[in-house]
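Only the coordinates and a few stated rules stand behind these numbers; no lab work does. Small disclaimer: the values here were computed from a predicted structure and weren't measured. We place every Cβ from the backbone using ideal geometry, glycine too, and count neighbours over all the protein chains shown.
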Amino acid sequence: MNPHRIVFSDIDGTLLNAERELSDFTISEIKRIKNTIPVILISSRMPKAMTHLQEELEITHLPLICYNGGLILVDKKPIHSTFISTDIIQALHTFNKDNLFHISLYHDDDWFVPQMDFWANREAQNTKVTPVVKSTERVIETWEIEKKGAHKIMCMGDEKYIDEAFEFLESNFSDTLHLYRSKPTYIEVAHKSISKLTAIELLLNKHYKISLSEAVAFGDNYNDIAMIKAVGTGVAVANAKPETLKIADIVTLSGKEDGVATYIKNNI
């Protein structure tokens with residue numbers, strides 16, 4: 001009996017190769033197992049930045065976990081959605097009144113940027129999604145009417161200003177927000193009540209009726225630690241952060257060397 005009944009994989013740094021794409025080996029291994037073992041992509045990305053990968057893997061019928069667990073889609077419809085309220089976005093916007101750093105706002109498949117600057121262009125290139133240019137004030141106004149908020153906020157800019165933004169958010173909203181520095185020039189902001197693990201647990205309980213011990217999860221970064229620790233088999237790619245490598249059950253080859261596909265080929 002295969003101990004792995006379901007696969008969860010992070011994308012950036014884990015599943016993609018040096019060109020930030022899916023290798024032929026990865027595609028063929030996932031296609032080989034997908035009809036008997038669901039392969040769920042789990043990322044801080046927005047849905048649109050994940051569905052093209054699902055298409056290549058022929059798994060568009062499977063659920064998606066977006067925004068680190070802030071949005072869970074089954075049959076392309078949300079079964080869970082947790083977002084950051086507009087009053088917090090307003091406070092951040094007011095703090096950044098001199099526009100010293102870039103603020104990207106995400107809700108479901110909407111991505112809003114104040115202008116197509118260096119940061120917006122770089123993210124668009126990395127995720128193959130084009131944002132909508134709309135001022136932060138206008139986004140807040142619209143979301144207040146529609147009773148929406150941000151599934152994710154990205155602050156990007158010079159390290160000095162990002163340090164200041166981090167300090168501001170941490171001292172004012174540490175009980176509500178999870179702040180994640182993926183790079184010195186980036187802060188990914190999510191709601192504190194969600195994580196990749198909360199999303200996995202919800203999906204397994206509500207949708208699959210599979211236990212955590214029968215799941216395998218692949219990741220590389222700090223936001224993957226909780227899920228790698230909790231599932232039956234937690235696998236870190238070789239390029240993972242030292243803290244992630246330390247808690248993993250197994251270390252596979254790096255993301256650039258098809259670590260996920262290699263593990264699947266040998267073990268599933």
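Some notes on this structure:
- With a simple spin-label model that places each label point 7 Å from the Cα along the Cα-to-Cβ direction, the separation between residue 201 and residue 34 comes to 3.0 nm.
- Anisotropy class of the stretch 72-125 from Cα gyration tensor, a/c 1.5 cut: oblate
- Across all directions, the average flat footprint of the convex hull enclosing the Cα atoms of the stretch 86-191 is 6.1 nm².
- Order of 258, 87 under a 10 Å beta carbon neighbour criterion, fewest first: 87, 258
- Among 207, 197, 254 the positive-end extreme of the charge dipole of the stretch 138-268 (Cβ point charges): 207
- Environment charge at residue 90 (Cβ cut-off 11 Å; Lys +1, Arg +1, Asp -1, Glu -1): -4
- Evaluated at q = 0.08, 0.15 Å⁻¹: base-10 log I(q)/I(0), Debye formula over Cα of the stretch 111-268: -0.31, -1.03
- Ordering 185, 165, 145 by Cα displacement along the dipole of the chain toward the positive end leaves 145 in first place; charges were set at the Cβ atoms of Lys, Arg (+1) and Asp, Glu (-1).
- Dividing the convex hull volume of the alpha-carbon atoms in the chain by its residue count gives 120 Å³ per residue.
- Peptides 19-29, 100-110 ordered by packing proxy, namely the average of other Cβ atoms within 10 Å per residue, highest first: 100-110, 19-29.
- Neighbour-limited loop hits for trypsin sites (Lys or Arg not before Pro), the stretch 144-231 (at most 16 other Cβ within 10 Å; DSSP other than H, G, I, E, B): 147, 181, 192, 209
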